[in-house]
Amino acid sequence: MKFENTGIEQLRADLERLDEVMLSQGLVREGQWDYERVTYDKKFELKDGTYYLRLRGYAVEGDIDSRKAIIQLLPPLLGKHYYPHGVEYGEGEQFPASLVNQCKNLLDRLKGEIEAFAE
């Protein structure tokens, strides 16, 4: 599921500050990056399965390896994990309304925090 029109996809932010804000809200980057792209995930374990909120971005200035980069964020995604195949983000997936609302609230908080230092 793609979250449209959150405002996050219009933000550009410093990678180090972005890492701090994302981690404070439970989204981790870990090894999910290359020289041009970053991915942050938050895991939700519910009775009916495991879900991931994913925020992605790419460097518009600098590179990720140097930790000196400006990141353009992309629309957030919500996916369901299927063992052993992976996470599905397709439009045909059904997501619990309470989880979708929880993710929307989290995205609103993130947007507000990122806007404080975004370019």
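Some observations on this one:
- In summary, the lysines within cross-link reach of Lys104, defined as a Cα separation below 17 angstrom excluding same-chain residues under 8 places away, comprise Lys2, Lys42, Lys43, Lys80.
- Considering helices alone, the calculated mean residue ellipticity of the chain at 222 nm is -8000 deg cm²/dmol, with DSSP H runs of length four and up weighted by -39500 (n - 2.57) and normalised per residue.
- Each 10 Å bin, from zero up to the one with the longest distance, holds this percent of the alpha carbon pairs of the stretch 9-119: 14, 47, 30, 10, 0.
- Mean sequence separation of contacting Cα pairs (under 8 Å, at least six apart), scaled by the length of the chain, corresponds to a relative contact order of 33 percent.
- In the chain, the longest principal axis of the Cα atoms and the axis of helix 97-115 are about 10 degrees apart.
- Computed from the C-beta positions of Val60 and Glu88 and an R0 of 22 Å, the FRET efficiency is 0.15 to the nearest 0.05.
- Extending 7 Å from the Cα toward the beta-carbon at both Ala97 and Arg37 defines two label points whose distance is 3.4 nm.
- Helix axis angle, 15-24 relative to the chain longest principal axis, alpha carbon, degrees: 30 degrees
- The residues packed around Asp14, meaning those with a beta-carbon under 12 Å from its beta-carbon, carry a net charge of -1 if Lys and Arg are +1 and Asp and Glu are -1.
- Distant-in-sequence amide H partners of Leu27 (H built 1.01 Å from N, under 5 Å): none
We did not get these values from a lab; they are worked out from the coordinates using the rules stated. What you see is a predicted model; the values in this text were computed from it and never measured. Note that we place each Cβ from the backbone using ideal geometry, even for glycine, and neighbour counts take in every protein chain shown.
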